[in-house]
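The values are calculated or read from the model by the stated rules, or taken from the named source; none is laboratory data. Please read all numbers here as calculations on a predicted model, not as lab measurements. Cβ placement follows ideal geometry from the backbone for every residue including glycine, while neighbour counts extend to all protein chains displayed. Just the protein is used for accessible areas: all its heavy atoms, side chains included, with ligands, DNA and RNA removed. Shrake-Rupley method; radii C 1.70, N 1.55, O 1.52, S 1.80 Å.
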Amino acid sequence: MQKKRAFVGADIINGDKHIPILRHGTILVGADGAIEAIGEKISLDASVEVVDVTGRYIMPGLINAHVHLFSNGAAARNSGAGGSMINFAYAVLRSFLGKLIMTPVYKNMAKAFVNAGVTTVRDCGSFFCLDIKTKRKVESGKAEGPRILTSGPLIIATGGHGYAMPSSRQISGVPDAIRAARENIRDGAEWIKICTTGGVTDSKFIGGTECTHLNLEETKAIVDEAHRRNIMVASHCESTQGMRDCLEAGVDTIEHAATIEPDMIERFLHNPAALRGYTAVIPTLLAGGALHEHPFEDTPANRIVMANSRHVAQGSDNAMKTAVEYGIHVGIGTDSSVPYCTPYNTYMELVKMQELTGLSALEVIDYATRETAEILNIGDVTGTLDVGKSADFIVLTKNPLDDLHNIKRPEQVVAMGRYYPKPRFKEYPGIE
């Protein structure tokens, strides 16, 4: 059990854009880590520790719906070595040293996220089921970290996007697809993550992200198997054709995305094959734009990667604008782990969303907290600051409604009721 704490005197942003800001309010966090009361004046007994946050701003903790805890996202300058260095690194990780090397990395990344004010993450493809193991350590109090939603290893086509990653489950055909889904569920995955199309980092030619890797029958088999267990499916998908296959198969969230054509909009909004009757989009704007916004010589990319990055970024931007315009469910995720996408710059996804759509800061925060929680099926647990929900919030010195950049350095963090009074995280050169 934790200590009861009352955070007193802050302006409180609920997370739901329709709920007015509570001025000079108090949040009482119970010993069980849930929000016990919220109001202007709350009666407190002597056992409650009072935290004076007068003049501060409180909002729900950020939710990052697309991360990989295997990397910090720091980007090395282009050495000319390109893929050879990456292939060597993956070869080492696939050896007996892999788990030994990666276990502390996962622990450190979880700690970095929560200290940056990200109180929930969904790991969208892990090494050696380490997302599942790290989640258990955080929940038991043996490690610092946010709430972690797990997916276990990627399920991919044989030789498809992600093939070099340690422990990816490569499939060829429907029986393989069913087996891989069942193995991930057996190992504790709460989501299934598949790779429908090629990807930026390992395509061998310009335009490789347009290629579909999993066929429709394989995708349907995975989705059907997951849905029978009440588990949803997320798909790495960077082409319009790939999205069409995902929609037909009933994929629940499409990651990165591409241009959504007019005839697809209704299927996103009302998809009878999806577990909840709709398919959502997580455009990962930061990942799409991160590489090509930097001078080529300062990035770790080769020219094929850079060209594919530009193409995918355009598709992700288009998907975000269409989703907001037509009311398609859209959530916040950064693909943290790819170059320039770190745990601490999750807030930049909100900044980019606002720049792209013209939404107000309050509307963007609603998408980033309430809406993303609903997409991840945890809206009854987190995403807004309501009595009975988990105490997941950040204390800010400046008003995020004036400038979303003010979210970057939370003064204090509360995640699952655990109090981080002086959060700290490491920053990397050349990354906002």
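Please state which one of GLY331, GLY327 is surrounded by 23 or more Cβ atoms within 10 Å (Cβ to Cβ) and either touching a residue at least 40 places away in the same chain (Cβ under 8 Å) or hydrophobic (A, V, I, L, M, F, W, C) (or both).
Details: GLY327 fails: surrounded by 23 or more Cβ atoms within 10 Å (Cβ to Cβ).
Being surrounded by 23 or more Cβ atoms within 10 Å (Cβ to Cβ) and either touching a residue at least 40 places away in the same chain (Cβ under 8 Å) or hydrophobic (A, V, I, L, M, F, W, C) (or both) holds for just one of GLY331, GLY327, which is GLY331.
Residue pairs, Cβ under 6 Å, 6 or more apart or interchain, first in segment 119-145 and farther than 23 Å from PHE96 by Cα, second open to solvent by 10 Å² or more (accessible area, probe 1.4 Å) and outside any helix (DSSP H, G or I). List them.
Within 6 Å, the pairs are THR120/ARG147; ARG122/LEU149.
GLU218 - would you say it is farther than 25 Å from SER309 by Cβ, touching a residue at least 60 places away in the same chain (Cβ under 8 Å), buried (at least 20 other Cβ atoms within 10 Å of the Cβ) and touching a Gly at 6+ places or on another chain (Cβ under 9 Å)?
Numbers: farther than 25 Å from SER309 by Cβ: yes; touching a residue at least 60 places away in the same chain (Cβ under 8 Å): yes; buried (at least 20 other Cβ atoms within 10 Å of the Cβ): yes; touching a Gly at 6+ places or on another chain (Cβ under 9 Å): yes.
Yes.
For segment 214-239, which positions are closer than 15 Å to ARG276 by Cβ and part of a strand (DSSP E or B)?
MET232, VAL233, ALA234
Could you grab me the full set of residues in segment 179-206 that are touching a strand residue (DSSP E or B) at 6+ places or on another chain (Cβ under 9 Å), modelled with pLDDT of 95 or more and not in a strand (DSSP E or B)?
So the first thing to find is which residues in segment 179-206 are touching a strand residue (DSSP E or B) at 6+ places or on another chain (Cβ under 9 Å), and the list is 179-181, 183-185, 190-201.
After this cut, where a residue has to be modelled with pLDDT of 95 or more as well, the list is 179-181, 183-185, 190-197.
Hits for segment 179-206 are ARG179, ALA180, ALA181, GLU183, ASN184, ILE185, GLU190, THR196.
Which pairs turn up if I take residues in segment 387-403 that are surrounded by fewer than 19 Cβ atoms within 10 Å (Cβ to Cβ) and look for partners that are of a type outside the set (A, V, I, L, M, F, W, C) with beta carbon separation below 6 Å, at least 6 apart in sequence or on another chain?
If the second residue must be of a type outside the set (A, V, I, L, M, F, W, C), the pairs left are THR397/GLU411; LYS398/ASN406; ASN399/TYR57.
Answer with yes or no whether GLU371 is touching a residue at least 12 places away in the same chain (Cβ under 8 Å) and either surrounded by fewer than 21 Cβ atoms within 10 Å (Cβ to Cβ) or in contact with a Ser or Thr (Cβ under 9 Å, 6 or more places away or on another chain) (or both).
On the way: touching a residue at least 12 places away in the same chain (Cβ under 8 Å): yes; either surrounded by fewer than 21 Cβ atoms within 10 Å (Cβ to Cβ) or in contact with a Ser or Thr (Cβ under 9 Å, 6 or more places away or on another chain) (or both): no.
Against the criterion (touching a residue at least 12 places away in the same chain (Cβ under 8 Å) and either surrounded by fewer than 21 Cβ atoms within 10 Å (Cβ to Cβ) or in contact with a Ser or Thr (Cβ under 9 Å, 6 or more places away or on another chain) (or both)), GLU371 does not qualify.
With respect to LYS142, is the statement that it is in a loop (DSSP other than H, G, I, E, B) and charged (D, E, K, R) true?
yes
Identify, from the list ALA373, ALA361, the residue that is in contact with a Leu (Cβ under 8 Å, 6 or more places away or on another chain) and hydrophobic (A, V, I, L, M, F, W, C).
Values: ALA373 fails: in contact with a Leu (Cβ under 8 Å, 6 or more places away or on another chain).
Only one candidate qualifies: ALA361.
Mind checking which residues of segment 92-119 are among the aliphatic types (A, V, I, L, M) and under 14 Å from ASN72 (Cβ atoms)? Talk me through it step by step, then tell me what you get.
Of all residues in segment 92-119, those among the aliphatic types (A, V, I, L, M) come to 92-93, 97, 100-102, 105, 109-110, 112, 114, 116, 118.
Result: ILE101, MET102, VAL105, MET109, ALA110, ALA112, ALA116, VAL118.
Which of the residues that make up segment 20-56 are open to solvent by 70 Å² or more (accessible area, probe 1.4 Å) and either of a type in the set (A, V, I, L, M, F, W, C) or modelled with pLDDT of 95 or more (or both)?
We begin by selecting, within segment 20-56, every residue open to solvent by 70 Å² or more (accessible area, probe 1.4 Å); these are 20, 23-24, 32, 36, 40-41, 43, 45-47, 50, 52, 54, 56.
Answer for segment 20-56, where residues must be open to solvent by 70 Å² or more (accessible area, probe 1.4 Å) and either of a type in the set (A, V, I, L, M, F, W, C) or modelled with pLDDT of 95 or more (or both): PRO20, ARG23, HIS24, ASP32, GLU36, ALA46, VAL50, ASP52, THR54, ARG56.
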